[in-house]
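**Q** Below you'll find the structure I mean.
Please treat every number below as a calculation from the coordinates, not as lab data. Every value quoted in this text rests on a predicted model; they were computed, and no experiment measured them. Here the Cβ is made from the backbone with ideal geometry for all residues, glycine too, and neighbour counts use every protein chain on show.
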Ligand code: PGA
């Protein structure tokens, strides 16, 4: 059985103070909740506040991005060891917004993924097709390409902490969600590529999340699918009650 992971991606939202209030409002809802793993991914500046506020809880904290070098003349960048040093356990890599607005490619995703694993972070690697690709019937090819390049030069043993998030880009922030059938089909493709890269054993253990307009009212349907091992939640993770409702799907 794969334990489900529900991760909040706050994107460019919340100051440290707002992040702290969010955690204060969230914790009372989740004290007894051990069924799923929970991770919050705030903007970099709010990470220390969230680490502090969650310190006696099982909630993990992750970055939304990182650079592959450890340190150096890379203005504006944050490294994997820096995320580790402040107490992060996870990091999102290759989110479609990073690909769309910040020039990320399959190759940079692979470099970041390898650096995250080497630093002991648990990467949440995002893949997913845009609407034109879905309509052209090339979703499977896109997922195969994104995953096989992302997984390059990573051994089965190294891949164990990794999580993949299938996020169809047409479902992100649009209120449209993939049907459980579409998601399951995509998840099977991703798992097949993982099996080719890492072997069946690792692929069977790999958690594949769904992301794209997950809300309290569709979380139960999505999360009760055997192929869906959790959720990466954007908009609906900004409000503590709504995120708690998703976690308790
Ligand atoms: P959304 O974002 O839940 O607002 O659609 C999901 C994501 O981008 O990770």
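**Q** Would you confirm whether any residue within the range 97-107 is crowded, with 21+ Cβ neighbours inside 10 Å, more than 16 Å from the ligand (Cβ to nearest atom) and not in a strand (DSSP E or B)?
**A** Within the range 97-107 (the criterion being crowded, with 21+ Cβ neighbours inside 10 Å, more than 16 Å from the ligand (Cβ to nearest atom) and not in a strand (DSSP E or B)), the answer is no, since none of the residues qualifies.
**Q** Now for a separate question. Please go through the range 144-179 and pick out each residue that is more than 16 Å from the ligand (Cβ to nearest atom), surrounded by 17 or more Cβ atoms within 10 Å (Cβ to Cβ) and within 19 Å of residue 232 (Cβ to Cβ).
**A** Listed by number, the residues that qualify are 147, 150, 151, 159, 162.
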